[in-house]
Amino acid sequence: MYQLTGAFSRQNDTTIKDFLDSNGFEYITKPRGIPSTFDAVTARRLIEQFDVTQMDFAVWFKVSKQAISQKLNRTYIGVSWTSTNLSPDEEEVIDDMIERNIFTYEDEELIVAIRSNFIQACIIIIGSEQTKVLFEFNQPLSEKLGRAKYDTFREIDFSLRESMIPVNVFGIKHAKIDDRAALARINQQCRKRGITTDEYCVMHGFEGGYCRSNMQTDEDLIEILNSYVTQDNLVYFPHTVPEYFKFTNKASRANMTLDELFEFFGYIKVDSRLDSNYKNKISRYIDELKQLRVKDSQNKILLRTETALYQRLYTFAKRRGSTLDEFLAELGFERVYERAVTFDSERRPSDTDRHPKDKSALLRELEGLQGHLERSVTQNESISRNRQLVNKLKELYDYRCQLCDPFNIYPVIEKEDGTFYVEVHHIIALQHASLLPNGYDDQLDTFRNAIVVCPFHHKVLHYHQGGFERLINQNGDIFFVSKHDALLKVLVNHHLQVDDRGSHLLVKSSWNHNSVNNLKLFKRPEELCSAGQNITT
């Protein structure tokens, strides 16, 4: 628009300001930099290595592309944008950008851009008085960038990820790409990186790589098996059916019997249309589960996630359209978790609250703020409002960790304003929003999907025993559960709610048992990609 307006003004022998004035507009300029502060050396490095263009600089500094080209050909002595320091406000904006997979943030006072050279990330910050570029970061920020793949991915990579359809080939996740144009762009990115399509898909979390057109997926096989289901998930599959050879051949290559192959997909093969095989299988499951009963209990069991029995029962239950806990309840068992996580630290009394807050008033503010968040129309507005939500949530907990024992807390960091440094953790990461069925992604961006934690417990939630990915209600208390079924108790709670079945996180601000918008939190976030049929209504 600037270039078009300038060209039109020159053709009519007038200035841009006079042209805009004559049409009722006020021309306001706000320079973001002056020639004497332009670091041509760093700018050329960003262009050559980090996918920054001259037009990017022109937009950021509100000048013409030609002006940037002229500046790039000069070197100003003693000028350097390179820095290693971030202000608290800049850190907060960057955290929100990473959480939401945003690469450029801009408001009237600040521009922040994150770019990559496929090996490392850099952060470009342009303020009203200063420009700085960071190529090196402190460890927490470096870990965040790496975890979100900002060091190896560019914005186009996240866009191309949307064209990758998750499919399974013998239980291993592959990427299926039906869009030819997207596949061509993916191949172009692979050539830039010097890697194969399989390697590129693995970078996106598809451990099996690229699913080619001649590969038969588990979903294809299940679709065939569904046509032979007699009842529940029993399959009558005699040797006379057209697909019999295809399945026996696949079972042979996998070193399985045909019965084992069917069970792998969550079905039971029966030799007739009777259900005797099914009853026998259920009886064997019950016998195995009885071996896992906790002491002095008839129906409570400890079923470890890493066991083969868990994998078989989970697939079996999912194929029947129920959760594992629901299937276990049908068999007369209740799954319990007894491995509480404990950490050693010096015991000391908690600090006295300086200014007690009205929790009810703060919760009402959060409810109102959530309404604004749901109406957000741009990424930048969403970041700004999310910062308000974060600040209010911290205030609700008096800037203290919800996971710290009041009599056994970790050393606190007191800030200049007298509050304590705490962080906000999203229970279901916002980056999983794209994996949710349409209409459910906005339910993640709410204070009920967040918890206030100290830096230590924030690391615990992300990394300890593979990380903690869901909440449960056990004996009236709320716990985080790790990938390996360890428990971490939420000790202070004013806003988190778990439904009466104890295994679902409700992320709607208006909570009631009859809500049709209850979102089921699955065992693993990656399972959300195929969870459309499992949303509770």
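The values are calculated or read from the model by the stated rules, or taken from the named source; none is laboratory data. Nothing here was measured: the structure is a model prediction, and the numbers come from that model. Cβ atoms come from the backbone with ideal geometry, glycine included; neighbour counts cover every protein chain shown. Just so you know, the surface numbers come from the protein's heavy atoms only, side chains and all, with ligands and any DNA or RNA stripped out. Shrake-Rupley method; radii C 1.70, N 1.55, O 1.52, S 1.80 Å.
What the table shows:
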{"item": "Efficiency of FRET between residue 294 and residue 66 - r from beta-carbon atoms, R0 51 angstrom, step 0.05", "result": "0.10"}
{"item": "Additional length obtainable on full extension of the chain from residue 490 to residue 109, 0.36 nm per residue less Cα span", "result": "133.3 nm"}
{"item": "Low-density loop positions, trypsin sites (Lys or Arg not before Pro), region 139-172 - DSSP coil, at most 15 other Cβ in 10 Å", "result": "none"}
{"item": "Computed label-point distance, nm, for sites residue 405 and residue 245 using a 7 Å Cα→Cβ extension", "result": "6.7 nm"}
{"item": "Surface/4 estimate of mean projected area, convex hull on alpha-carbon atoms of region 127-222, nm²", "result": "8.8 nm²"}
{"item": "For region 99-239, accessible area per residue (1.4 Å probe, heavy atoms of protein chains only), Å²", "result": "48 Å²"}
{"item": "Accessible-area ranking of 223, 367, largest first, probe 1.4 Å", "result": "223, 367"}
{"item": "Exposure of residue 45 as accessible area (Å², to 10), given a probe of 1.4 Å and all protein chains", "result": "90 Å²"}
{"item": "Of all accessible heavy-atom area on region 143-216, the percent that carbon and sulfur account for (1.4 Å)", "result": "48 percent"}
{"item": "Cα gyration tensor shape for region 159-265, rounded if a/c is under 1.5, else prolate or oblate", "result": "prolate"}
{"item": "Protection proxy ranking, peptides 108-117, 286-295, average beta carbon neighbours within 10 Å, highest first", "result": "108-117, 286-295"}
{"item": "32 Å Cα-Cα threshold exceeded, pairs from 415/483; 144/192; 359/415; 132/173; 281/483", "result": "415/483; 132/173"}
{"item": "Length released on extending from residue 130 to residue 475, taking residue separation times 0.36 nm less the Cα-Cα span", "result": "118.7 nm"}
{"item": "Relative packing of 246-256, 47-57, which averages over residues the other C-beta atoms within 10 Å, highest first", "result": "47-57, 246-256"}
